[in-house]
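Okay, so here's the structure we're looking at.
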Amino acid sequence: MLMPKRVKYRKQMRGRMKGKATRGADVQFGDYGLQALEPAWITQRQIEAARRAIVRYIKRRGRVWIRIFPDKPVTAKPAETRMGKGKGAPEYWVAVVKPGRIIYEMEGVPESVAREAMRLAAAKLSVHTKFVMREEKVPEKGGAE
């Protein structure tokens, strides 16, 4: 499973997920992407399950990139424990995803195959998503002519 090798602090505060993603909001590596439409915590298990769904469907053709990494620890207290006595131990890791963030990218397969693979992956995630394609950057006018 994905998780950091080591962290500076074992426990983190929950934080807030306001605003849209400014980083990681464009398809950079592949030709197709799966973009988040709402804020969420995506667990390491969800990331891996969706990755497996993609890889299984494309039958190891093409290439897949995971653009998020679970680097936030989520703590939990044991079941049937009384309140108090401090914060619980880290239980699992999540990636904080904001609207607009690209979660997976893919290349080397036809668009119809990529669409279906991303649909299967989206079913494994706890966030609404949409299929996006790379936009070719048009060179700006006014350069060396």
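The values are calculated or read from the model by the stated rules, or taken from the named source; none is laboratory data. Since we're looking at a predicted model, the values are computed, not measured. Here the Cβ positions follow ideal geometry from the backbone for every residue, glycine too, while neighbour counts run over all protein chains shown. What goes into the accessible areas is simple: the full protein's heavy atoms, side chains included, and nothing from ligands, DNA or RNA. Shrake-Rupley method; radii C 1.70, N 1.55, O 1.52, S 1.80 Å.
Structure notes:
- Residue count for segment 101-116 satisfying the condition of being over 25 Å from MET3 (Cβ atoms) and either touching a residue at least 24 places away in the same chain (Cβ under 8 Å) or in a strand (DSSP E or B) (or both): 8.
- Assessment of segment 87-95 against the conditions (part of a helix (DSSP H, G or I), touching a helix residue (DSSP H, G or I) at 6+ places or on another chain (Cβ under 7 Å), touching a residue at least 24 places away in the same chain (Cβ under 8 Å) and open to solvent by 30 Å² or more (accessible area, probe 1.4 Å)) yields no matching residue.
- Test: residue in segment 65-79 that is in contact (Cβ under 8 Å) with a residue 60 or more places away in the chain, open to solvent by 80 Å² or more (accessible area, probe 1.4 Å) and either within 19 Å of SER126 (Cα to Cα) or not in a loop (DSSP other than H, G, I, E, B) (or both): yes
- Pair list, Cβ < 7 Å and 6+ apart or interchain, from segment 1-22 residues that are within 20 Å of ARG45 (Cα to Cα) and in a loop (DSSP other than H, G, I, E, B) to residues that are among the aromatic types (Phe, Trp, Tyr) and at pLDDT 95 or above: LEU2/PHE69; MET3/TRP93
- Enumeration of residues in segment 30-64 that are in a loop (DSSP other than H, G, I, E, B) and either modelled with pLDDT under 95 or surrounded by 15 or more Cβ atoms within 10 Å (Cβ to Cβ) (or both): GLY30, ASP31, PRO39, LYS59, ARG60, ARG61, GLY62
- Residue satisfying condition, being surrounded by fewer than 17 Cβ atoms within 10 Å (Cβ to Cβ), in contact with a strand residue (DSSP E or B) (Cβ under 6 Å, 6 or more places away or on another chain) and of a type in the set (A, V, I, L, M), within set MET83, MET133, MET106: MET133
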